[in-house]
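Asker: Let me begin by handing over the structure; questions about it come next.
The values are calculated or read from the model by the stated rules, or taken from the named source; none is laboratory data. On a predicted model such as this, the values are computed, not experimentally measured, just so you know. Here Cβ is always computed from backbone atoms with ideal geometry, including for glycine, and neighbour counts include all displayed protein chains.
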Amino acid sequence: MSMTPELRFCPQCAASLEWLPHQEDGGYKERLSCASCGFIHWNNPTPVLAAIVEYRGQVLLARNAAWQNRMFALITGFMEAGETAEGGIAREVKEETNLEVSEVNLVGVYDFQRMNQVIVVYHVVADGEVALSPELAEYKLFDLDKLRCWPQGTGKGLADWLKTRGIEPQFMEFARA
């Protein structure tokens, strides 16, 4: 196991963390831990909310301003403490696109292990005038039959949603490094 680069020292006592075995249901498992105070870094996946934004009969996909490529994706974000997942995705859509959400429907839950995330995908119906947050560089509107899904994370949610609309999802090819 390799140590998580972001967490090398105990957040409670500042001692170095190390991989130590812990008795858990099903046997021993190594966890990044502090031998001095007993802190355990569980490294549980982070829940991420994602929205398939239906806007005036099309789907709005956006490009993150930090992305170098021209990839467009679903609107995503983290839940805030004290809000429901449905309220959180409506807030994220409003913050990132300025659109008002009138309907929120769960599509599914998907693992995204590369980022240690669990993604909760919703289909939302939204309207208003699009005004992107500084987080997003641009957006595009797609007819449902023109959407191309990506083979991981939120792309699986988009594919599942398209199937509910009677559309067989088409997947884009990713170049392997």
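Asker: Of Asn105, Asn98, Asn116, Asn64, which residue is of a type outside the set (Ser, Thr, Tyr) and over 27 Å from Ala137 (Cβ atoms)?
Answerer: Asn105
Asker: So which residues in region 67-95 are exposed (fewer than 13 other Cβ atoms within 10 Å of the Cβ) and either farther than 20 Å from Leu141 by Cβ or not assigned by TED's automatic domain parsing to the domain that holds Gln152 (or both), if there are any at all?
Answerer: Gln68, Phe78, Glu80, Ala81, Gly82, Thr84
Asker: Checking the structure you have, find out if any residue of region 113-129 is among the aliphatic types (A, V, I, L, M), assigned to a helix (DSSP H, G or I) and modelled with pLDDT under 95.
Answerer: Looking for residues that are among the aliphatic types (A, V, I, L, M), assigned to a helix (DSSP H, G or I) and modelled with pLDDT under 95, one finds at least one in region 113-129, hence yes.
Asker: Quick check: anything in region 34-46 closer than 23 Å to Ile119 by Cα, part of a strand (DSSP E or B) and touching a helix residue (DSSP H, G or I) at 6+ places or on another chain (Cβ under 6 Å)?
Answerer: So far as region 34-46 goes, no, none of its residues is closer than 23 Å to Ile119 by Cα, part of a strand (DSSP E or B) and touching a helix residue (DSSP H, G or I) at 6+ places or on another chain (Cβ under 6 Å).
Asker: Next question, about the same structure. Filter region 78-106 for residues that are part of a loop (DSSP other than H, G, I, E, B), hydrophobic (A, V, I, L, M, F, W, C) and within 23 Å of Pro45 (Cβ to Cβ) and give the result.
Answerer: Phe78, Met79, Ala81
Asker: Looking at Cys13, is it surrounded by 14 or more Cβ atoms within 10 Å (Cβ to Cβ), outside the structural domain of Gly157 (by TED's automatic domain parsing) and touching a residue at least 12 places away in the same chain (Cβ under 8 Å)?
Answerer: So Cys13 fails the test.
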